[in-house]
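Below is one structure, written out as structure tokens; the observations come after it.
Derivation of every value follows stated rules applied to the coordinates shown; laboratory data play no part. Predicted, not measured: the structure shown is a model, and the values here were computed from it. FYI the Cβ positions are ideal-geometry reconstructions off the backbone, even for glycines, and counts take in every protein chain you see.
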Amino acid sequence: MRWSIRTQILLTLTAVLGFGLLASYIATSNVTRGAITEARVQQARNITALAAERFMGVRAEGLALAETLARVRPLVEPDHLFLLGPDLDPMADAPAQRAAFRQLVRPADLVPYYHRQTRHGFIKSLSGEPLLVVLAPVDSAPSRLGRSSRSKPAAVALLAPLEATIAEVDRIDNLYVLFMLVILAMAMLLGYVLLGRIVVQPIYDLIRSVERVGGGEFSSGIAESVATGEFSQLFGSFRKMTGQLLSDRQKIQRQISELEVANREIETAQERLIRTEKLASVGELAAGVAHEIGNPMAVLQGYLEMLADEGLPEETRREYVEQMQRSVTRISGIIRELLDFARPTEDAHGEGDATLAVRSAVKLCDPQKRFRDLEMACEGVEDTLPVALSTGRLEQVMLNLLFNAADASEPGQRIDVTVRPREDEVIIEVADQGHGIDDEGLRRIFDPFFTTKDPGQGTGLGLAVCYGIIQTCGGSMDVASRVGEGTTFTLVIPRASGI
Ligand SMILES: Nc1ncnc2c1ncn2[C@@H]1O[C@H](COP(=O)(O)OP(=O)(O)O)[C@@H](O)[C@H]1O
Ligand SMILES: [Mg+2]
């Protein structure tokens, strides 16, 4: 069970206070009991001694004794006073009084007190009531029991029933218990009210404030509190902390919006760079294409001239036309691919097909002059492989890697392009057997404007742009190279669920 702090403090206080009061009750009760009993004994002894003195001068005749007894007796009521003979039996008394004595005690019960120095004690009456017994010898030198004259009084006995005294003590006890309960109740009530004001309310205020601040209400978050002392200090600190949090938050928000602006600017710049690099590739391609188109055009022209010959057999003429058609198809194919590539890609951040991108990049390179004497081998490009990068962008990356590889290669060397899926990624490798890259080159290879090519041949932007494109889709790009042996570029691109 979870108790509120108020209940816990109240229970603790009650336990401590209750324990204190109980201890004080036990002590007080014992002291009171002792004091009252002591006073009662003292009073009984005084009375008994006085009574004994009264009897000392009285002659031992029964009548005189009885008269004295009758006079003294009312003075000690409600206690019982008896004049005892040497056998400790009442004497000089009416039978009714003797009967009353016999109802209370047996003479034998009193024997110890006759001889004892203190001459008083507590016994149980014959009916079981607590009884105070006080004996006082009438003779200044009491004779031995049974030996002296039977008519001579031996002692005065006071038999005091203690019920009233005990009842009085119990009453005081009960009063004390009542008093304690009232004190306890008042302390709890006071504790409840004061605790509520001093401790509980500030804590609740604080909890409310913390919740509000936690919910983002910084300015109006802190509740007004009646807190004093350390609690008000705590509130002060909390207020200061909240103020600090608020200003930090505002600062962070400002920085976030600044970052957002910067990010947008970077994105725009990157887009621009990608477009620039693409245009450069288009330019390079176009140069190659112009050369590539030049050949079929020359072929076309040759056939056209030959067709002008009137006496050409019909079969040869048809063959020439077919050759010309093939050349035209080739020219228009090259132009279409070039246009396809030059067209801006709209699905820049979308998904694409890795194998399709690789295939079309290779196809674009195929008619290029710089690939003419090189062997190109593709592996794993048959099946569709969806990736988290648009086909157009990946094609642009591939094109740059292939161009670079061709530029680094000597005639007769091979370029291997491999595509393979691995768990959640697709790995694309472009490996050549070219001149390789030295350590300094490897360090700077992805830096913008790093190029080893002659002015007009390279911009040094290709790999930087490729790196940016691959990074944006959450992939990575790596290079491994040995000078004189070749270079391998590895792309790791996250897979996509499907196109
Ligand atoms: N496959 C490769 N083999 C050797 N060197 C390469 C290869 N790919 C790139 N490089 C080096 O990296 C440089 C930067 O390439 P890139 O960023 O594409 O710019 P550019 O091709 O315009 O020079 C190239 O100039 C070349 O020195
Ligand atoms: Mg390049």
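Where both residues lie in the chain, what percent of DSSP beta bridges are antiparallel, nearest 5?
Percent antiparallel among DSSP bridges in the chain is about 90.
Quick check: net charge around Leu126, other residues with Cβ under 11 Å of its Cβ, Lys/Arg +1 and Asp/Glu -1?
Summing Lys and Arg as +1 and Asp and Glu as -1 gives +1.
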Loop GluC sites (Glu not before Pro), the stretch 420-499, which have at most 14 other Cβ atoms in a 10 Å radius of their Cβ (DSSP): Glu423, Glu485
Other-chain or far-sequence residues with amide H under 5 Å of Ala154's (modelled H): Leu84, Gly85
Principal-axis tilt of helix 62-76 within the chain, Cα atoms, nearest 10 degrees: 30 degrees
Tilt relative to the chain, helix 462-472 - C-alpha long axis, 0 to 90 degrees, to 10: 30 degrees
The chain - percent relative contact order, Cα under 8 Å, separation 6 or more: 9 percent
Sorted by Cβ density within 10 Å, fewest first, the residues Asp79, Asp248, Asp407: Asp248, Asp407, Asp79
Nearby aspartates and glutamates by direct alpha-carbon distance to Lys453 (threshold 18 angstrom, same-chain neighbours under 8 apart not counted): Glu277, Glu284, Asp407, Glu410, Asp432, Asp438, Asp439, Glu440
Restricting the stretch 389-455 to chymotrypsin sites (Phe, Trp or Tyr not before Pro) in coil, as DSSP defines it, with at most 12 other Cβ within 10 Å: Phe449
Summed side-chain charge close to Ala160 - residues other than Ala160 whose Cβ falls under 9 Å, Lys, Arg +1, Asp, Glu -1: 0
Fewest-first sequence of Val465, Val193 by Cβ atoms within 10 Å of each Cβ: Val193, Val465
Dimensionless Rg over Rh [the chain; C-alpha; Kirkwood]: 1.73
Cα-centre dipole for the chain with unit charges at Cβ (Lys and Arg positive, Asp and Glu negative), debye to 20: 6020 debye
Cα-based reach from Lys251 at 29 Å (exclusive), listing lysines while leaving out same-chain residues under 8 positions away: Lys240
The chain: angle of helix 201-214 to the longest principal axis, Cα-based, in degrees nearest 10: 10 degrees
